[in-house]
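What follows is a set of notes on a single structure, which appears directly below.
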Amino acid sequence: MKNNAFPLYGAIEGGGTKFICAVGSGPSNIRAEARFDTTTPEETMAHVIDFFKQQEENLGGLSAIGFACFGPLDPNPASPTYGHILPTPKTGWANANVVGMLRNEFNLPIAFDTDVNGAALGEWRWGKAQGLQTFIYLTVGTGIGGGAYVEGNLLHGLIHPEMGHIPLRHDLEKDPFEGVCPFHGDCFEGLASGVAIEKRWGMRGSLLTPDHVAWDLEVDYIAQALTSYTMTLSPQRIIVGGGVGSLPQLLPKVQKRTRELINGYVQSPVILENIETYIVNPGLGNRSGMLGAIALAEQSLQTAL
Ligand code: ZN
């Protein structure tokens, strides 16, 4: 066992197309990192396990593992299906016991949560939510999801929030597109995800010019969702990340449109005068998820002690 100045944590950001694994203790101390394509649960988790085993030989033993994963999933340690992916259209992953696969190989505290709750915790620990008690992390990318930190704890509730699947006002004259969500059609994700943008316009969002009409629709849908979250949870801040959500042309327009939709009803100077501090992009860029997994591992160790 090698001596390390800090505890070393294993981090897994499990995404629908790739898994990012890292070993370290925070943004200034990432000792190793690797990416694996998301194929079958068995093959993907075997890569993850091999990576951590190899790093334990190179760097010393891990103190805990944090796993921030795409969902839906069961994050409730008291549930018989804790650590499983729940039924999902993603081939092969429904009911996969991904935490069990780790447990078979590592006798360590293992923290398991949604990718967006992980990213929220990462932003709370090192990013734009430091010192806050209640906030939301929303990712708008291939899919849409939100994590919530409420009164000092990550919110799970019944299972976990599904902020990407809320219904929105959908003006069929302005936007006749029926939406892509297999469950709801024109929910938020159905209308505003990267997949929806590509299907509506016949090309990837990254190929649309910044002044394309696509972005006016996008701004309105994101702002509608942020308005609903503001009215429901009263977050002190909303962090908007993801490949689409981080596009520089969107943020100022989303801030302005959200303030218009709230229309003065929430009498806070943060919204009325400083909306640019209320709706922000992630402080950790596209590393919120991986660093969030480290923060989950760190938190599990504190809980276990
Ligand atoms: Zn939906």
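The values are calculated or read from the model by the stated rules, or taken from the named source; none is laboratory data. Just so you know, these numbers come straight off a predicted model, no measurement behind them. Quick reminder, even Gly has a Cβ in these numbers, built from the backbone with ideal geometry, and neighbours come from all protein chains shown. These accessible areas exclude ligands, DNA and RNA; they are computed on the full protein's heavy atoms, side chains included. Shrake-Rupley method; radii C 1.70, N 1.55, O 1.52, S 1.80 Å.
Of the peptides 201-210, 71-80, 290-299, how do they stack up when ordered by the mean number of other Cβ atoms within 10 Å, highest first?
290-299, 71-80, 201-210
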- [ ] Run the accessible area of the stretch 9-115 with a 1.4 Å probe and give the carbon-and-sulfur part as a rounded percent.
- [x] 47
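When the solvent-accessible surface of protein heavy atoms is calculated with a 1.4 angstrom probe, in what order do Ser28, Ser246, Ser288 fall, highest first?
If we order Ser28, Ser246, Ser288 from most to least accessible, we get Ser28, Ser246, Ser288.
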TODO: Taking the Cα centre of the chain as origin, sum charge times position over the Cβ atoms of Lys and Arg (+1) and Asp and Glu (-1), and report the length of that vector in debye to the nearest 20.
DONE: 480
TODO: Starting from the Cα-Cα distance between Asn29 and Lys253, subtract it from 0.36 nm times their residue separation and give me the gain in nm to one decimal.
DONE: 77.1 nm
TODO: Evaluate Rg over Rh across the stretch 126-275, taking Cα atoms for both radii and Kirkwood's formula for Rh.
DONE: 0.96
Open item on the list: Of Pro252, Gly26, Tyr82, which is farthest towards the positive pole of the chain's charge dipole, taken about the Cα centre with +1 and -1 on the beta-carbons of Lys, Arg and Asp, Glu respectively?
Closed with: Gly26
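Can you tell me the dipole magnitude for the stretch 128-282 around its Cα centre, using point charges on the Cβ only (Lys, Arg +1; Asp, Glu -1), in Debye to the nearest 20?
Rounded to the nearest 20 debye, it is 300 debye.
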TODO: Name the residue farthest towards the positive end of the dipole of the chain from the options Ser234, Leu301, Gly146, assuming +1 on Cβ of Lys and Arg, -1 on Cβ of Asp and Glu, about the Cα centre.
DONE: Leu301
Task: Area of Arg35 that stays accessible when all protein chains are in place (1.4 Å probe, Å², to 10) - done: 150
Task: Probe 1.4 Å, accessible area per residue of the chain, Å² - done: 46
- [ ] Work from the charge dipole of the chain (Cβ charges, +1 for Lys and Arg, -1 for Asp and Glu, about the Cα centre) and give the residue of Gly122, Ala94, Gly179 farthest towards its positive end.
- [x] Gly122
TODO: Determine the gain in length on full extension of the stretch Asn263-His212; use 0.36 nm per residue of separation and subtract their C-alpha separation, reporting nm with one decimal.
DONE: 15.7 nm
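When each pair of different Cα atoms in the stretch 223-305 is counted once in the 1/r mean, what is the Kirkwood radius in angstroms, to one decimal?
Hydrodynamic radius (Kirkwood, Cα pairs) of the stretch 223-305 is 14.2 Å.
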Task: FRET efficiency estimate (nearest 0.05) - Cβ-Cβ, Phe6 to Asn153, R0 22 angstrom - done: 0.35
Task: Shape box of the chain [Cα atoms, principal axes, largest first, Å] - done: 62, 41, 37
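In square nanometres, what is the average projected area of the Cα convex hull of the stretch 9-115?
It is 6.2 nm².
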- [ ] Please report the relative contact order for the stretch 239-286, taking Cα pairs under 8 Å with a sequence separation of at least 6, and give it as a percent rounded to a whole number.
- [x] 58
Task: Cleavage-rule hits, GluC sites (Glu not before Pro), the stretch 170-275, DSSP coil, Cβ neighbours within 10 Å at most 10 - done: Glu173
- [ ] With label points built 7 Å along Cα→Cβ from the Cα atoms of Asn274 and Thr39, find their separation and express it in nm.
- [x] 5.1
- [ ] Select from the chain the helices, each a whole stretch of DSSP H, whose alpha-carbon atoms run 15 Å or more along the helix axis and whose Kyte-Doolittle mean is at least 0.5; answer none if there are none.
- [x] 213-233, 288-304
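As a test of reading the structure, rank His170, His156 by solvent-accessible area (1.4 Å probe, protein chains only), most first.
Accessible-area ranking of His170, His156, largest first: His156, His170.
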